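Values quoted throughout were computed directly from the atomic coordinates according to the rules given, and no laboratory measurement underlies them. These figures come from a predicted structure and were not determined experimentally. Neighbour counts run over all protein chains shown; Cβ positions are idealised from the backbone, glycine included.
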Amino acid sequence: MDNKKVLEDTIAKAKKGNQIAFSKLLDCFWNDVYGFQLKRTENENDAEDITIQTFSKAFDKINTYDNAYVFKTWLIAISKNIHIDLIRKRKRSILDTRGSGEAIRKVLDNAPSMEDQLIQEQNLANLLRDIKKLKPHYQEVINLRFFNELSYADIADKLNEPMNNVKVKLLRAKKLLAEIITNTK
């Protein structure tokens, strides 16, 4: 099976709500979108925030993706539009009040991923040490999810962020934490 077919199958699974497929797409295209935004913004935090928002929006609108187009190009277009919106908002200096009336959808957690299992196997002291190596916003979502045992909806409310942003941040945080744990073994 060629890479194009694998990608098409992964996108099809993502369109059906498969969280593992979302995770694969995030892994596959994170560096492309992040690199694109890092060149545009010349700021790591902005690039990371825009990348998170890009995947959040892409996963929310995955059913609108047309297979006739290149998936990476679709992601980059979303990312570019988010960046343009950010520039406009900053120019207007208007506080973003979006999300206050957003309906919170019920989220079903899948079985633990490989990253979840790896995280759970760690000694608590080592785990806490490794969590401290993450950027503060990743530490926060990990703590809220795994130590405070909050749902995605509760984390979204607490952070005043759209739920899809929380999902993407948590997914990214788990990947980074799993890499830290693997590299310290």
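Sorting 146-154, 134-142 by their mean Cβ neighbour count within 10 Å, with the most densely packed peptide first, gives 134-142, 146-154. With θ taken as phi - 60° and the Karplus curve 6.51 cos²θ - 1.76 cosθ + 1.60 applied, the whole-hertz 3J(HN,Hα) list for region 15-29 is 5, 8, x, 6, 5, 5, 5, 4, 4, 5, 5, 4, 4, 5, 10 Hz, x standing for glycine and proline. Net charge in the neighbourhood of Asn18 (other residues with Cβ under 11 Å of its Cβ; Lys, Arg +1, Asp, Glu -1) is +3. Other residues within the sphere of radius under 15 Å centred on the Cβ of Trp74, judged by their own Cβ, net out at +2 (K and R +1, D and E -1). When you count the other C-beta atoms within 10 angstrom of each residue and take the mean per peptide, 64-72, 51-59 line up highest first as 51-59, 64-72. Taken over the C-alpha atoms, region 15-62 has Rg and Dmax values of 11.3, 36 angstrom.
Converting phi to 3J(HN,Hα) with the Karplus coefficients 6.51, -1.76 and 1.60 and the offset θ = phi - 60°, region 33-49 yields 5, 4, x, 4, 6, 5, 5, 6, 8, 6, 8, 4, 5, 4, 4, 5, 4 Hz in sequence order, with x at every glycine or proline.
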